[in-house]
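Just below is one structure, and these are the notes that go with it.
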Amino acid sequence: MEVLDRQEALLTNHEVYIVLKEEEDRHKATKIAENIKYPENVTTLQFEALQYLNDSPCVTQSSKQISQIKELLMAYDLTKAEVLQIINLRPKTPVELHLIIEECSERFTIEGLDELLELILSALPQDEHDEAAEDDGDEASKKNGNGAPMDVETQGDLS
């Protein structure tokens, strides 16, 4: 197989999600109208990719938000890959930023990272999925090792 028109663009998860949803809709319409059967491996790949992307932050992002965050991140001298990962992963902690940004501690101060996180969280706000996960985490922290709720008086004494 030969690549005829090579494009070197990086796609965000949001862009991939949009393309896959459009393709899924096109397949459904064509399948019904012309009774065409698509290869099972293509259908499986598309289904699994959409299933993964439905559980990621890209579902609640908009093209406008992505354009805005790209412009705002230009001031931080990040690579294209780092910007892409920030958009796709929507980091919420300095640890997540350290995993995304190469040589992060050498390139940014703690205050700089906090400023970057505030910028990310304001430009790419949390979605309901993230808030529900945080609520579940708060409830889980109030339970003992057996999953039963802890009594407030015994919460500090786990021995």
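The values are calculated or read from the model by the stated rules, or taken from the named source; none is laboratory data. Computed from a predicted model, the values in this text were never measured in an experiment. Ideal geometry is used to build each Cβ from the backbone, glycine not excepted, and the neighbour counts take in all protein chains shown. Surface areas here come from the heavy atoms of the whole protein model, side chains and all, with no ligands, DNA or RNA. Shrake-Rupley method; radii C 1.70, N 1.55, O 1.52, S 1.80 Å.
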- Item | Condition check for H27: within 21 Å of L117 (Cβ to Cβ) and either out of contact with any strand residue (DSSP E or B) (no Cβ under 9 Å at 6 or more places or on another chain) or not in a helix (DSSP H, G or I) (or both) | no
- Note on the structure: Residues of segment 50-73 being within 19 Å of D114 (Cβ to Cβ) and open to solvent by 40 Å² or more (accessible area, probe 1.4 Å), in sequence order, are L72
- Message: Quick check on L124: is it over 20 Å from K21 (Cα atoms), at pLDDT 85 or above and open to solvent by less than 60 Å² (accessible area, probe 1.4 Å)?
- Response: yes
- Message: Quick check on my filter: what residues within segment 74-94 are open to solvent by 60 Å² or more (accessible area, probe 1.4 Å), aliphatic (A, V, I, L, M) and under 15 Å from L121 (Cα atoms)?
- Response: L89
- On the given criteria, is G145 small (G, A, S), outside any helix (DSSP H, G or I), on the phi < 0 side of the Ramachandran plot and at pLDDT below 95? yes
- Note on the structure: Residue count, segment 53-101, condition of a type in the set (S, T, Y) and outside any helix (DSSP H, G or I), comes to 4
